[in-house]
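*Asks:* Let me begin by handing over the structure; questions about it come next.
Just so you know, all these numbers are worked out from the coordinates, no wet-lab data involved. The model shown is predicted, which means the values in this text are computed figures rather than measured ones. Here Cβ is always computed from backbone atoms with ideal geometry, including for glycine, and neighbour counts include all displayed protein chains.
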Amino acid sequence: MKVQSALSHLFFALPIVLFCGCVAGSGFIGEQTWSENYSLMDGVQANDPAIVDGDLKTIGQSQYAEASSDAVQSNHASSESVILLPASRSIHRVVMHSSNVKAFDIWVADNQGRWGRIKEIKNVDQEVTDVRLNRAVRTAGIKIRIRRTSDDAELRQKNIQRVRGWRIYTGHVNAPAKIAEIELYGFVSKGDAEDVENAISLEEADEKELDELLEF
């Protein structure tokens with residue numbers, strides 16, 4: 001009887017615990033909000049400025065790595081889009097707008113400028129790819145290395161010729177990515193968000209006061 005009584009109390013209490021947990025969890029998530037798009041900060045540099053100009057109508061392009069002395073290796077080179085921030089930021093989210101990218105890697109630079117891969121994205125099937133990193137990464141450099149595009153097959157057909165059983169390469173076989181924008185975000189605390197809201201409220205109040213003075 002004591003066991004049954006304990007079990008009945010447990011089943012009664014469990015929904016309450018789960019409910020409280022959900023409320024607490026939702027409150028925690030609600031306290032986090034995305035930062036500004038770091039790609040639009042003053043002083044940001046990119047190997048194609050069109051990918052960080054804030055305009056989805058301008059289409060940039062990933063750039064091939066420096067040519068190798070080996071012709072075959074050079075023709076198989078991947079292309080990259082590199083963004084350098086004026087100061088390190090904690091990055092948790094990367095959003096890429098592209099019409100032809102099918103697979104890519106995300107790399108970040110450490111304090112010595114060395115690059116390391118942190119994420120591999122396969123089988124992209126939409127024009128906007130929103131990537132949430134497993135952990136926030138503090139860095140001043142983000143590199144998107146293109147692994148596959150929808151234009152690769154056409155480019156290979158154009159730049160690979162077969163002569164007497166030999167493959168003759170006349171150009172790159174991996175097509176560059178067409179990228180409208182690459183956006184970078186981190187988290188800001190609830191306090192930071194409130195500071196922004198307060199600043200906006202003060203600015204609106206000042207404008208209202210100025211309007212009233214002008215009307216007077």
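*Asks:* Provide Arg156, Arg147, Arg162 in ascending order of the number of other Cβ atoms located within 10 Å of each residue's Cβ, fewest first.
*Replies:* Numbers: Arg156 16, Arg147 19, Arg162 8.
With the sparsest Cβ surroundings first, the list reads Arg162, Arg156, Arg147.
*Asks:* Same structure again: On each of the three principal axes of the Cα atoms of region 32-190, give max minus min coordinate, whole Å, ordered largest first.
*Replies:* Principal axes ranked by extent give 67, 33, 27 Å for the Cα atoms.
*Asks:* Quote the charge dipole size of region 32-190 about the Cα centre in Debye, to the nearest 20; the model charges only the Cβ of Lys and Arg (+1) and of Asp and Glu (-1).
*Replies:* Values: 22 positive and 19 negative charges, 137 e Å.
Using only the charged Cβ atoms, the result is roughly 660 debye.
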